Structures are given as structure tokens and as C-alpha cells.
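The next block holds one structure in the form of C-alpha cells; read it before the comments.
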Amino acid sequence: MQQVADRQPLVKNRAEYERMHKWSVEDPQDFWAHMAHDYYWAKKWEANHHEYNFDMRKGPISLKWFKGGRTNISYNCLDRWVAAGRGNHVCFIWEGNDYGHERTMTYQQVLTETSRVANWLRGQGVCKGDVVTIYLPMICELPIAMLACARIGAVHSVVFGGFSADALAQRIQDGHSRVVITASAVNRATKRVDLKAIVDDAISKAAKEGYRDVQKVLVYEKSALPREQTPWVLGRDAWWHKEIPQRPEYCEPEWLEAEEPLFMLYTSGSTGKPKGVLHTTGGYMVGAGTTCKYLFDLRPGDVYWCTADCGWITGHTYLTYGPLLNGATNVLFGSTPAHPDAGRCWRIVEKYNVRVLYTAPTLIRSLMQFGEHWVKEHDRSSLRVLGTVGEPINPHAWEWYHQVVGEGRCPIVDTWWQTETGAAMITPLPYAWAAKPGSATLPFFGVQPVLLTDKGEEIHGPGEGILAIKAPWPSMMRTLHGDHERFEMTYFSAFKGYYFTGDGCRRDEDGFYWITGRVDDVINVSGHRVGTAEVESALTAHAMCAEAAVIGVPHAVKGESIYAYVTLLDEAPPSAKLHAELVNFVKTQIGAFAAPDVIHWAPGLPKTRSGKIMRRVLRKIAADQLDELGDTSTLAEPQVVDQLIASRPKTLAKL
């Protein structure tokens, strides 16, 4: 079925894209000023509003956008639409863990609740620049708490509501938070997570480390744990349902300088210590709103569903801020994708007439295992754009998403970006050009990607190398909280004058970009550079392979050899025959040099709660360095590690 837009796309073809991209890189100051006019500014930016330094040899790394301008992202997400007469339009559609747990909130209702929370925060002495830690499940109150912080200039630090007490304590202490917002507990599928008890434990752990400044814990009551059973600290803890309704229903926004901080979000570092990535107000707002508009061809009133949790950057940019800056109706989902059955996601699409679906390849692959019938039982005719985020999507999953979910008529928007970039960087634009399965295609407006050799020389035309960015974009991080030196060393020391992404990339003859995996995930086999994502795509193309993760291990002859962890479909038992088929699949699709030396039958893979595979753990298991596994508390299923250790193949000793 042909991809045909049901309305005029915002970018109609590649020629129009090329014209806009050329403008954005030749005169970024003018281009982004033009985009910024979509939003309300209490004070307009200066004529020369953009300046930067990407070269450590010339001084500290710095960048500014919209210098002199004052705005508020909460105002632009909410008040702007209410003032335009859209206050009664639906802002949030929430669907909880179980059927029948659902709720809608209009833009006016969200503005009122946001204002009340903001007024409560001010009442606790929270001021501009103070950090508020948010540890909530996926309920409307999570983005509302974020918007409330933004409204008064407080810096929100959202911690995914599945992180351990240790991880939460570290983030509370690092941010010097005096206020924590949480819920009593939450049910995820059939499991209850006692969020308030975890917060209490985290605050105790922080106190043992010398941080005793948490003064207030605001608690939202969830039916998973009623108030009389919720652990309580008198004088410190407060119930949302008692405190918030008493507050005034409007809060005047704090008009912030464009470069004042908006939020920080912790991301994993190579040293193991999380990095507090800091984003600022004006540039992030314009970047989030503009990318969301063009990536998804999004207009006011469109029903939009991003399956991410707000504890991750995708939930910030493409669930909270981006959709609301564009006046969309936003679906929030508070369960797991296959609870109570594998039709849950498609039932939501049908029930709410979802137009845009943005999800992770991990979720797609997990639902593929259950078969097509769960999808086809539900009407998906409302869908117009399908997006993916978090990792390169392998072609097999891309085709299933395109043909089965989207019925061959919805463009796939396969986005590449990072917590640090704040917004999508390389991405297709729907209906503007034909995509290629597995490729993020072309850079977004204002993004100037380059491929570099190991020596830092630019590769022109088709080629493969290290992906770097040669000039800044508005939504880019400004620093790491409290550690600008680490910011400079991590992102700007490897190649002077460039932002180092840490990813490898290939550019084809059409100028399309293909992410090949992290640079340290490129395996050098007898002089052949093999991207882990490429081998994983070949393995998962086999009908019996549900998921795969590939790493390099030392080899006496080859330098490195390929070690593959493979999870099979439930009905497929491991066998020598299947082992040979998988090896031949890789040989056929890539070449004999890329064939795995070891296939480790994996009952599951060690993933963080955002769905990312913790490859550090896989490397240590493969190398028999079991005493160096490090912290595995942030894994969704820590028991998987023991299962993988127990199931190590005997062929490992031969390498």
C-alpha cells in the first residue's frame, strides 16, 4: 500500500527539506529565530543571539541561543493554548495498569493543576534554580509536576520510578534537592512497586552519606497502596490530595532568561558514575517544539502516543514538552505493553484513534514474538506516522512495524539522538522522502553531522567513521551538573572543534546515515570493522530469533572475535542446527568475517528499565570477569545476570 498523506505535509519533498536545511546551517541565527517566533516570549532575544565555542584550545566550551530573550516553557505548553481558545481540548488521555483505569484532562485542567502544584512548591520555599526530585509513576501528575517546576524556574530532576533506593539517593544528593515528589506505590503488570518506601530508604541512605536537607516529600495516593498503609514521616511528608487542592488555581510564570536551567537528567557514564545532563530553557523549548512538529507532522488536536516514561529524555522531549508545545492530545500509558495480553497497545491505538505512535525497537521486537493476530484484531486506520527511538531498528523489525502495524501506509520515522542532544538529530521527515529500513536517513534542520577517522579527519561522500557534530543546535546540553570539566573531557576532548557522539556511523551514496553502534561496540575482526548493530540485525532477521546482543571478545588470532547472545522465540529450543543456521544467516547477510564464533543461548538480556541493553555486563560475563560485573541494581531483571552466567557455552574456553 502506498504512503499517502491525508493532508499537506509540513515538508512536502526532499527539495524543500534541502532548502530549509541549507538555510539552517548557513544562517542558524536567522533560521532558529524564525522558528522561535512560534512561541511566546516576554522579552525578545537580541539581534546577535547565538554564540559558541566548540574548541577547547580556544577556551572553555560554551554556547548560547536566544541571548537576552525571556520566556517560560510551562506558559507556552499550557497558557498559550488556553488563550487561543483551546482550553477545553483534551491535553492528556491516561490509561492505567488495568482496564477501566482511565482519565482525561483538558488543557485548562492541566494548567489549573500545574499552577496549584507550582504554588505549593513556592510555599515550601522552592525558588528559581532549586532542584526538585520527581519519582513518580506514569500518571498525569508526573508531567504536571515537571511543568509546575518549569513554571517557577525550579530545575526538575526526574528519576525513573523503577530505579533503586541507592540510585535515587545518589541523584537526590547530587542535586541538593530539598523537595521530593512521589506516589504511595504503583502496580506494573502484576508487580507492585512501593515508591514511597523506596524514597524513605533513599533519603536515609543520603543522610548516611552526609546529606540531610530533604525537608518535604509530597505523596500522591495510588490505589496500589492506600494511605493508611503508606509509610509516613510526620512533619516531612504531605499528601497531594490534601495540599494541592487548597492552593490558588493560577500561578504567574517566572519569566526566565533563555540560558537559565530548565531540568537535569542523569545518564549513565563510562566510569559508572551517572552524569547530570543540564538543559536550559529557551533553546530546549524551541528545539523540542520544532522537532516534534516536523518529525511527526504534528498539528494541534492530533492524538499522539509516545510509549516512553518521563524518567528518560524521550519522555521529557517527546511526551511532556514537544507534544504540548504543539497543542496535541497526549496519551499516557501506565502499564507494560503486554499486560494483560499482547493486544494492549493496539487496543489503545483503536480506542483513542491514535494518529502518531512513537516507541522503541525493543517494544516492537517484544510484541513481534506474540504474532500478527494480536495486531490485526484491532483497527489501526487512525495511524498516520510511526516513530522509533532509543537504538537503531533492525530491518526485520522495521518491516514488521511498517507492514503489520502500519499496513504499509505509514512512514517510519527512525530517529537518532541522545539525552545530551535534547532532541532528534538525524531522522526522516514523514512523506518527504522514501526511507531505508535501518537508516535514520538525514540530519534535522541545523544539525551538521560529520564522519571522522580515528585521527579526526573528515570523511566526505560515502564512507564509515566516527559520528561527530561540527556546530551547535538549540536543544543541546550546556554542561554536566557541577562538573563542567567532565563535560568538556567527555564530549569535546577526543576531536577538537567537534561534539563527539560516541557512535559509529556509515553514510551511503544517497547521503543517508546508518548508525553502526557505539564506537566501543565496533568489533575489529582480522582488520574488518564490524558494527554490533549490523550483526544483531542479521541475527534477528532469522524467524526463530527474538532478540540478540553482540559484543567483541579478545581472540589470539583475529584480535577480536564476535560473541552473540541470542534469545529465541518461546517455541524454538536451542539446537546445533539452529546454531548453524544463525551463523550462516550472518555470513549470508554481511560476510564470513562477521560470523559469530560463540552463540550464547540467552533466556533474557540484562536491560535497564528504559530497555537499553547493559553491554558492560555482557562483556564481563563473556570474559569470565565475574568479580567485575559492577552495579547491576538498575537492571529491570537483575536475575538475568545469574541465568546468563549459568548458561555460558563450553566453547568459550577455546577462544
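Ranked for footprinting exposure by Cβ neighbours inside 10 Å, fewest first, Met489, Met138, Met368 give Met489, Met368, Met138. Averaging Cα coordinates gives a centre for the stretch 1-58 and one for the stretch 219-257; these two points are 39 Å apart.
Run the numbers for Ala5 and Asp642: contour at 0.36 nm per residue of separation, minus the present Cα-Cα distance, in nm.
224.4 nm
Of all beta bridges that DSSP places with both ends in the chain, some 60 percent have antiparallel geometry.
List the relative contact order of the stretch 526-654 as a percent without decimals, with contacts defined as Cα pairs under 8 Å and 6+ residues apart. Reported as a whole number, the value is 22 percent. For Cys91, the residues whose modelled amide H falls within less than 5 Å of its own, excluding neighbours fewer than 5 places apart on the same chain, are Met105, Thr106, Tyr107.
Over the chain, what is the mean sequence separation of C-alpha contacts under 8 Å (at least six apart), divided by residue count, expressed as relative contact order in percent?
Once divided by the residue count of the chain, the mean separation gives 12 percent.
Placing a pseudo-label 7 Å from each Cα along the Cα-to-Cβ vector at Ala189 and Ala543 gives an inter-label distance of 2.7 nm. When the chymotrypsin sites (Phe, Trp or Tyr not before Pro) in the stretch 37-88 are filtered for DSSP coil states and for at most 14 other beta-carbon atoms within 10 Å of their beta-carbon, the remaining sites are Tyr40.
Local charge for Phe92 was computed over the other residues whose Cβ lies under 12 Å away, with Lys and Arg +1 and Asp and Glu -1, and equals -3.
Lys and Arg at +1, Asp and Glu at -1: add these up for the other residues within a Cβ distance under 15 Å of Leu234 and post the number. Value of the local net charge: +1. Would the stretch 551-625 count as rounded, prolate or oblate if I go by the C-alpha gyration tensor, calling it rounded below 1.5 in a/c and otherwise prolate when a/b exceeds b/c, oblate otherwise? In terms of gyration-tensor shape, oblate. Near Lys216: Cβ cut-off under 10 Å, other residues only, Lys/Arg at +1 and Asp/Glu at -1. The net charge is 0. Computed extension length for Glu16-Gln29: 2.7 nm, one decimal, from 0.36 nm per residue of separation with the Cα-Cα distance subtracted. If you work out Cα Rg over 2.2 N^0.38 Å from the coordinates, which of [x] 0.93; [y] 1.07; [z] 1.35 do you get? Given [x] 0.93; [y] 1.07; [z] 1.35, the structure-derived one carries the label [x]. Where a ≥ b ≥ c are the square roots of the eigenvalues of the C-alpha gyration tensor, would you call the stretch 396-493 rounded, which needs a/c under 1.5, or, failing that, prolate if a/b is larger than b/c, or oblate? Judged from the Cα gyration tensor, the stretch 396-493 comes out prolate (a/c at least 1.5, a/b above b/c).
Pairs spanning more than 21 Å between alpha-carbon atoms, out of Lys43/Lys64; Lys22/Lys293; Lys455/Lys587; Lys128/Lys470; Lys587/Lys607; Lys376/Lys607: Lys455/Lys587; Lys128/Lys470; Lys587/Lys607; Lys376/Lys607. By the count of neighbouring beta-carbon atoms within 10 Å, fewest first, Met35, Met544, Met614 end up ordered Met544, Met35, Met614.
Each residue of the stretch 7-15 is assigned a 3J(HN,Hα), and the resulting list reads 7, 5, x, 5, 10, 7, 7, 5, 4 Hz, derived from the Karplus form 6.51 cos²θ - 1.76 cosθ + 1.60 (θ = phi - 60°), x at Gly and Pro.
Arranged from fewest to most other beta-carbon atoms within 10 Å of their beta carbon, Leu78, Leu383, Leu10 become Leu10, Leu383, Leu78. Here is the list for the stretch 554-621: GluC sites (Glu not before Pro) lying in DSSP coil, each with at most 10 other C-beta atoms within 10 angstrom of its C-beta, are Glu571.
Close amide H partners of Ala183, meaning residues 5 or more places away or on another chain with modelled amide H under 5 Å apart, are Lys196, Tyr220. Couplings for the stretch 253-262, taken from phi via the Karplus curve 6.51 cos²θ - 1.76 cosθ + 1.60 with θ = phi - 60°, read x, 7, 7, 9, 4, 4, 8, 6, x, 9 Hz in order; Gly and Pro are left as x. Between Asp454 and Arg236, the contour length at 0.36 nm per residue exceeds the alpha carbon distance by 73.1 nm. Scalar couplings 3J(HN,Hα) for the stretch 348-357, obtained by applying the Karplus form with A = 6.51, B = -1.76, C = 1.60 to θ = phi - 60°, are 5, 4, 5, 4, 10, 6, 5, 9, 10, 10 Hz; x denotes Gly and Pro.
Among rounded, prolate and oblate, which fits the stretch 523-655 when a ≥ b ≥ c are the square roots of the eigenvalues of its C-alpha gyration tensor, a/c under 1.5 means rounded, and a/b larger than b/c means prolate? Verdict is oblate for the stretch 523-655. Helical content alone sets the calculated 222 nm signal of the chain at -7500 deg cm²/dmol, taking -39,500 (n - 2.57) per DSSP H segment of four or more residues and averaging over every residue. Annotation: amide H-H contacts under 5 Å for Thr479 (H modelled 1.01 Å from N, sequence separation of 5 or more, or interchain): Leu278. Chymotrypsin sites (Phe, Trp or Tyr not before Pro) within the stretch 95-135: which are DSSP loop residues with at most 12 other Cβ atoms inside 10 Å? Sparse-neighbourhood loop chymotrypsin sites (Phe, Trp or Tyr not before Pro): Tyr99. Taking every alpha-carbon pair under 8 Å whose residues sit at least 6 apart, the stretch 290-363 reaches a relative contact order of 40 percent.
Just so you know, all these numbers are worked out from the coordinates, no wet-lab data involved. Please read all numbers here as calculations on a predicted model, not as lab measurements. Glycine gets a Cβ as well: all are built from the backbone with ideal geometry, and neighbour counts include every protein chain shown.
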